[in-house]
Amino acid sequence: MRRQPVMAIDETRAWLAEVLPDADRLRVEAIDGCRVICAAGPDGLERRLDGALSGPAMFWAIDLAGFVAVNVLLSPTPAMALANSSISFLDPAEPGVLRVAAEVGRSRTPRPGTRPG
């Protein structure tokens, strides 16, 4: 059984503005079940000397989009770990808006009386 989001898109945007000082750098565009679509840039994203987006800028957006996705699905919490991410550096990311789709593939909810582990 797939979980349904616990926050709507407007609630997510308001929550993100509370927990992230520069929340305007990442915009939540859509929430669809376990998937969250976010956009960043073009301003505020670091670029390499050749003008392509830098690896750290891409990972920042991916990490934060994953954080948003987990919180949208499970409930707002300050603790979350990104377990898997994939970035291809074979083709440089062109300057412009960076769109990130983050999907929660599996969540582990502890049973009553147990500790998360």
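The values are calculated or read from the model by the stated rules, or taken from the named source; none is laboratory data. Predicted model, so just to flag it, every value in this text is computed and none were measured. Glycine also receives a Cβ, built like all others from the backbone with ideal geometry; neighbour counts cover every protein chain displayed. We work out accessible area using only protein heavy atoms, side chains counted, and drop any ligands, DNA or RNA first. Shrake-Rupley method; radii C 1.70, N 1.55, O 1.52, S 1.80 Å.
Figures for the structure shown
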quantity	calculated
Residue-level accessible surface for SER86, protein heavy atoms, 1.4 Å, Å²	110 Å²
Solvent accessible area, Å² - LEU74, 1.4 Å probe, full protein context	60 Å²
Solvent-accessible area of ILE37 with every protein chain in place, 1.4 Å probe, in Å² to the nearest 10	40 Å²
Potential extension, VAL97-ARG48 segment - 0.36 nm per residue separation minus Cα distance	16.1 nm
Check: segment 27-73 dipole with +1 on Lys, Arg Cβ and -1 on Asp, Glu Cβ, in debye	40 debye
For segment 1-90, fraction of C-alpha pairs farther apart than 22 Å, in %	28 percent
